[in-house]
Structure formats: structure tokens, C-alpha cells
Amino acid sequence: MSAYLNRAVSMVAGNTGMASSSSSFDTNSISENRSFANDKSPLQIFVKAKKRINDIYDEINEYVIETFHFVNDLPHDIDIVDKAEKELFESYIFKVSAIREVLHRDHMKVAFFGRTSNGKSSVINAMLKDKILPSGIGHTTNCFCQVEGVDGEDAYLVKEGSDEKLNVVNIKQLANALCQEKLSESSLVRIFWPRERCHLLRDDVVFVDSPGVDVSANLDDWIDNHCLDADVFVLVLNAESTMTLAEKSFFHTVSKKLSKPNVFVLNNRWDAAADEMEFQDSVRTQHLERCLDFLSKELKVCSEKEAAERVFFVSAKETLNARIFESKGQPPHLGAITDGFQTRYFEFLDFERKFEECISKSAVKTKFEQHSSRGRNIGNDMHLMLENIYDRSNVMKKEKGGVKKKLTDRIQSTESNLMQITREMKQKIHNMVEEVEKKVSTALNEEIWRLGVLVDEFSMPFHSEPLVLNIYKKELNAHVEAGLGSNLRARLSIALATNIESAQCEMTDRMHSLISSETIITQNKQILTRSQPFEMLYSLNCQNLCSDFQENLDFKFSWGITSMINRFTGKMKTNGKQSLTVIHRQGNAVNYTSFFFVIYFLELFSLD
Ligand SMILES: Nc1nc2c(ncn2[C@@H]2O[C@H](COP(=O)(O)OP(=O)(O)OP(=O)(O)O)[C@@H](O)[C@H]2O)c(=O)[nH]1
């Protein structure tokens with residue numbers, strides 16, 4: 001009672017209280033309240049929270065998608081993230097998108113219950129400031145009607161199980177549409193009303209009107225289908241009578257299914273009490289006490305103090321009338337039915353403000369608390385997973401760093417060893433070349449000394465005829481070339497081949513020591529195929545060597561005998577332009593030729 005008095009005093013301060021006449025109606029206070037309803041409405045708590053949580057979820061969505069793509073795009077050969085983890089990251093994308101969808105649809109829901117004709121539809125219409133739902137004497141609401149805001153100018157309704165949008169131009173049409181259909185009591189008709197016509201719809205409040213609780217035994221179904229997501233319940237009572245068992249038992253069931261539902265009680269038709277002014281206070285006290293007891297002691301949904309802020313005495317019909325006049329630019333008190341309109345009207349405004357505060361806070365809590373904790377959990381889970389991945393990649397980085405260092409060190413040591421081996425091998429090759437040169441030179445020298453034998457073996461008959469002589473020379477050259485070649489091959493090939501093979505083996509062994517055994521196995525085949533048998537080729541081409549030789553069958557040699565002896569003994573350097581001494585000798589031409597060859601070859605292959 002005291003709460004009521006405080007409320008009444010605060011609302012009508014400066015006026016004559018409940019008995020004030022409709023003519024002294026304070027229009028300034030009303031417009032103040034109206035602007036409050038629009039701009040500073042407690043519903044903004046929900047509206048802002050919804051915007052904020054949607055923004056947060058947009059960010060979470062970006063984060064989740066970006067993370068998934070990052071994880072998914074990691075090279076497959078890098079074993080940091082396994083398949084299960086990738087799938088988990090992907091699952092967060094679906095989770096977040098599902099939550100975002102729910103969030104976009106989230107609204108504040110208020111459901112109205114009470115006996116038939118108590119004025120449920122009238123209360124909703126008064127709150128929406130328009131005759132949206134049909135109301136009248138008798139059972140007018142035959143199913144659940146949900147009024148929700150929609151963008152645009154056109155109102156329409158959608159029946160349960162259908163996507164068809166039925167145009168609704170006016171209330172009569174809506175009433176007809178609802179009556180024509182044989183709808184079950186617990187079915188739902190959704191009425192979409194332009195949200196700009198009412199701030200409650202604009203701010204995402206959804207109203208649910210119900211058939212009278214006295215006309216159905218299916219209360220459980222009603223609760224399951226229409227009440228579980230409701231943020232606020234309004235019990236609309238008829239102030240002309242007392243609360244019935246049906247009304248009480250419905251809310252008992254609600255409070256069993258939902259933990260501490262927010263229940264407001266409207267003692268509607270309070271205008272009727274004005275007809276019996278002398279009993280008004282006592283009736284009010286009686287109703288109030290019963291309602292407070294019902295909320296705090298029977299349902300136990302709130303304390304007695306809180307309950308005092310949830311019980312109101314209003315006239316929905318009057319409020320609706322006032323608002324309709326107001327919307328036409330006329331004074332609201334024209335809608336008054338009886339005396340005390342201003343008090344009842346303010347009490348209705350007070351109900352609306354408390355209702356808005358309650359529904360806004362409750363919806364933020366019930367709708368967004370869960371989503372925000374889910375968002376936090378998703379963020380935390382992903383953070384944890386990414387940290388694990390980060391730790392793993394750090395370990396891997398360390399390992400790879402170690403391997404890289406080992407390899408770099410190995411490359412450096414291999415490079416320096418390779419340079420060392422290359423140097424040594426170059427030296428070895430150089431030595432071998434020198435040795436080969438020496439051996440070839442020695443062998444060639446010896447063979448040249450033995451040229452006489454080769455020439456002696458040449459048995460072609462000699463003739464001084466120039467033509468025959470040319471053929472003779474050619475054959476002799478070929479004979480010497482073949483003989484010298486085969487002699488050199490016999491003397492040098494094996495020794496040189498052995499030498500080269502051992503050098504090759506040494507080189508291969510030393511190269512093997514530089515590379516790992518596995519690499520050797522894979523490379524061995526190639527190395528083997530590359531090692532061809534060593535073969536020596538002696539290309540003497542006597543024909544060319546002797547091309548500048550002009551025989552003189554008169555045997556007029558220009559070298560002196562001493563210098564020739566010096567030449568044979570190697571004491572004398574030759575430049576191919578020695579003075580010649582003439583020797584005259586008749587006899588065996590073969591011997592002369594032989595002699596000549598020896599001298600000539602000695603001059604050619606002189607190693608000086
Ligand atoms: N005097 C007076 N009449 C009211 C008030 N509220 C509603 N009525 C009238 O009561 C009748 C029933 O109102 P409704 O709003 O249809 O009641 P309801 O609870 O929705 O009824 P159902 O839809 O049948 O369950 C209508 O004729 C209204 O004009 C009020 O505050 N004062």
C-alpha cells in the first residue's frame with residue numbers, strides 16, 4: 001500500500017490526487033513521459049545490449065573465420081595442427097553463425113494471461129497505442145496472437161504452419177481473419193505491425209495475447225509452446241471481481257516450469273471502481289493484499305516489496321481511448337470514462353515504465369548472458385587451442401633450428417673439406433700428369449731408340465722411283481705408327497691405368513667421407529655408371545710428323561758426326577736448325593732410312 005501511495009504521490013505531484021477531475025489533466029507531464037518512453041526508455045538497455053553483443057559476435061565471427069583459414073592454409077607437411085583440431089576450428093564457425101542468427105532474432109517477449117474478457121487485448125492495444133487486436137464482449141481471442149514489429153508500412157499476419165503473408169488493413173479485417181479460421185487454442189497467429197508506429201515494437205518487444213485461461217484445459221501445452229521464452233508475464237485481472245482459481249493455477253504451473261518468472265498483475269477495469277467511490281480504497285486494499293500474497297507467498301516469484309512494484313490498478317480501455325485522441329492531436333482526457341482518469345492513466349504509465357525496466361533487464365540477462373558466456377567460452381577455447389599450437393610450433397621451431405644449425409655446420413665443414421680435397425686432388429692430378437709425361441717421355445725415348453728394329457721389320461721392297469717412294473714412305477709411316485703405338489700401349493697402359501684407378505679410388509673414398517652413408521647408397525649407382533674403364537690412346541700420326549721431311553737419296557746429311565753423337569747422348573740442345581754434314585754412302589737404303597728416322601724422331605720428341 002505504501003508503495004502504491006508513494007507511486008501515486010510521485011506521479012500526480014501538484015495535482016489533486018485520485019479524485020482529480022479529467023479537466024485538470026496535466027498534459028505537460030504526459031508529454032514528458034512520452035518523450036521519456038521514446039528517448040530514455042529502459043528498453044534501450046536491451047536495444048543497446050543487443051547491438052553491442054551483435055557487434056561483438058561480428059568480431060568473433062571474423063576472428064573465427066580468419067583463424068580457421070589460417071589454420072587450414074598451413075602447409076600440410078607441417079605437423080602442427082591435426083585434422084581433429086581443424087574440424088574443431090571449423091565447428092566454431094557454424095556455432096558462431098548459429099548464435100548470430102539467434103541473436104538477430106532475439107527480442108523481448110511479454111505474454112498476457114487472464115480470464116476471458118478481462119481486457120488482455122485491450123491492455124496490449126493500449127500499450128501499442130492503437131486498436132491492433134480485436135477486443136469485445138465474450139470470447140474474442142480464440143488462439144495465441146503474437147504482435148511483433150516489422151520494417152515498412154504494411155501490416156500483415158502469418159498463420160502457424162504457413163509462410164503466406166495475409167494483408168491486414170484494419171482491426172475488423174484482422175478480427176474476421178482470425179474468426180474465419182478454425183484455429184486451435186494453442187496455435188499461433190503472428191501479426192506483423194509496422195515498428196515505427198510504436199516504440200515498443202521498434203525496440204523489439206513482442207506481445208503475446210492468449211485465449212482466456214478459463215477456456216482451456218491445455219495449460220501445459222500453452223506454457224511449453226508459448227511461455228518458456230517469455231521474459232515477462234502480465235496477469236490481467238478484472239478488478240470488478242476476484243482472482244479465480246484458473247488464473248492462479250495457470251501461474252502456479254508457469255512458476256513450476258520457469259524459475260522465478262517476472263509476473264506483473266494488472267487490476268484492469270479500475271474505472272468501474274469510480275462508480276463506487278466509497279468502497280474504492282477498501283476494494284483496492286483487498287485486491288492489492290491478495291495480489292501481493294499471490295506473488296510473494298504463493299508463487300514466491302519475488303519479495304513482498306518487489307511485489308508492491310508489480311501490482312497496478314488501471315483502465316486499459318480508458319488509456320487506449322486517451323492515446324487514440326492524443327494521436328489525433330486532441331487532449332488525452334477526452335478518453336476518460338469516469339473520474340480519476342489521470343491517476344489511472346499515470347498508473348498505466350508507471351506500469352509501462354516498470355514493465356520496460358523489468359523486461360529489458362530480464363531479456364538482457366536471459367537472452368544475452370548465455371550468449372555472452374558462450375562467446376567467451378568460444379574465444380577462450382580457441383585462445384587455448386591457438387596457444388597450444390603456438391607452443392608446439394615453438395618446439396618445432398627449436399628442433400628445426402637445431403637441425404638447420406647442424407646442417408649449416410655440416411655444409412661448412414663439407415665445403416672446407418671439399419676445398420682441401422680438391423686442392424690435394426689437383427696436386428695429385430698434376431703429379432700424375434707429370435709422372436705420365438715422364439713415363440711417356442721415357443717410353444717414347446726408348447721406343448725411338450728401338451725404331452731401327454721397327455724399321456727393320458718393315459719388309460716392303462724399296463724403290464727410289466718417286467711415286468713408289470711416296471707409297472713406301474706412307475707404308476713405312478703406318479708401320480712405325482702402329483708398331484710404336486702398340487709398343488707404347490704394352491709398356492704404359494697397364495701402369496698408367498693402375499695409377500689412374502688407384503687415384504680414382506682414393507678420390508671416391510675421400511668424397512664418400514664427405515657425404516652421409518644413405519646418400520652414398522642412393523648416389524652409388526650413378527658414381528658406378530660414371531666410372532668407365534680407362535683406355536689410353538696414342539695418336540702419333542707419323543704421316544704428319546714426317547710431312548716436312550724431304551728425303552735425299554744421295555744421303556747428303558748436313559750434321560757433323562760430333563754433333564750427331566752429342567745429340568744421341570743428349571748433351572746437345574737442338575733447335576732443329578743444326579748445321580748439316582754431308583755423308584756419302586752407297587748401299588742398303590733401308591739402313592739409311594732407319595738411321596734417318598731415329599735422328600728425325602729424336603729431334604721431334606726432344607723433351608727439352
Ligand atoms: N470499462 C472497461 N472496459 C474494458 C476495459 N478493458 C477492456 N474492456 C472491455 O472488455 C471487453 C473485453 O475486452 P478484451 O480486451 O477483448 O478482453 P480479452 O481479455 O482480450 O478477452 P478475450 O480475448 O475474449 O480473452 C471489451 O468490450 C473491452 O472494451 C477497461 O479497462 N474498462
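For region 420-459, what is Rg from Cα atoms divided by 2.2 N^0.38 Å, rounded to two decimals? Kindly include the intermediate steps, with their values, before the conclusion.
Values: Rg = 16.7 Å, N = 40, 2.2 N^0.38 = 8.9 Å.
Normalised Rg, Cα atoms only: 1.87.
Which lysines have a Cα lying under 25 Å from the Cα of Lys397, excluding residues fewer than 8 positions away in the same chain? In chain and number order, the partners are Lys83, Lys86, Lys405, Lys406. Among the trypsin sites (Lys or Arg not before Pro) in region 240-305, those located in a DSSP loop and surrounded by at most 13 other Cβ atoms within 10 Å of their own Cβ are Lys300. Each of Cys227, Cys505 has its accessible area taken with a 1.4 Å probe; listed largest first, they run Cys505, Cys227. Residue ranking by accessible heavy-atom surface, 1.4 Å probe, largest first, among Asp209, Asp229, Asp509 comes out as Asp509, Asp229, Asp209. Residue-wise HN-Hα couplings along region 497-506, as the Karplus relation 6.51 cos²θ - 1.76 cosθ + 1.60 with θ = phi - 60° gives them from phi, are 4, 4, 4, 5, 4, 5, 5, 4, 4, 4 Hz; Gly and Pro carry x. Exposure check, 1.4 Å probe, all protein chains in place: His104 carries approximately 120 Å² of accessible surface. Amide H of Phe264: which non-local residues (sequence gap of 5 or more, or other chain) have their own amide H closer than 5 Å, using H built in the peptide plane? So Phe264 has HN proximity to Phe233, Val234, Leu235.
Partner aspartates and glutamates whose Cα lies under 18 Å from the Cα of Lys398, excluding those fewer than 8 positions away in the same chain, are identified as Asp77, Asp79, Glu387, Asp409.
Accessible area, 1.4 Å probe, largest first: how do Phe294, Phe68, Phe94 sort?
Greatest to least solvent exposure: Phe94, Phe68, Phe294.
Taking amide hydrogens as placed 1.01 Å from N in the peptide plane, the amide H of Gly340 sits under 5 Å from those of Ser22, each at least 5 positions away in sequence or on another chain.
Could you sort out which of Lys131/Lys165; Lys131/Lys354; Lys51/Lys159; Lys120/Lys248; Lys131/Lys317; Lys120/Lys317 sit more than 18 Å apart by Cα distance in this structure? If you can, show how the numbers build up before the last one.
Working: Lys131/Lys165 20 Å; Lys131/Lys354 23 Å; Lys51/Lys159 30 Å; Lys120/Lys248 16 Å; Lys131/Lys317 10 Å; Lys120/Lys317 10 Å.
Pairs exceeding the cut-off: Lys131/Lys165; Lys131/Lys354; Lys51/Lys159.
Applying 1/(1 + (r/R0)^6) with R0 = 45 Å to the Cβ-Cβ distance of Lys328 and Lys95 gives a FRET efficiency near 0.35. Within region 331-377, none of the GluC sites (Glu not before Pro) combine a DSSP coil assignment with at most 13 other C-beta atoms in a 10 angstrom radius. Pairs with C-alpha atoms separated by more than 18 Å, drawn from the list Lys260/Lys367; Lys50/Lys361; Lys109/Lys361; Lys109/Lys365; Lys438/Lys474, are Lys438/Lys474. Only the Cβ atoms of Lys and Arg (+1) and of Asp and Glu (-1) were treated as charged; on that basis the dipole of region 448-499 about its Cα centre amounts to roughly 240 debye.
Between the beta carbons of Asn54 and Val215, assuming R0 = 41 Å, the FRET efficiency works out to 0.55 to the nearest 0.05. In order along region 301-313, phi translates into HN-Hα couplings of 8, 6, 6, 5, 5, 5, 4, 4, 8, 10, 10, 9, 10 Hz, rounded to whole numbers, per the Karplus curve 6.51 cos²θ - 1.76 cosθ + 1.60 with θ = phi - 60° and x for Gly and Pro.
Please find the FRET efficiency linking Glu506 to Arg410, where r is the Cβ-Cβ separation and R0 is fixed at 22 Å, and quote it to the nearest 0.05.
On the way: r = 23 Å, r/R0 = 1.03.
Here the calculated transfer efficiency is 0.45.
The values are calculated or read from the model by the stated rules, or taken from the named source; none is laboratory data. In this text the structure is predicted, and so the values were computed from the model without any measurement. Note that each Cβ is placed from the backbone with ideal geometry, even for glycine, and that neighbours are counted across all protein chains shown. Side chains included, ligands, DNA and RNA excluded: accessible areas come from the protein's heavy atoms. Shrake-Rupley method; radii C 1.70, N 1.55, O 1.52, S 1.80 Å.
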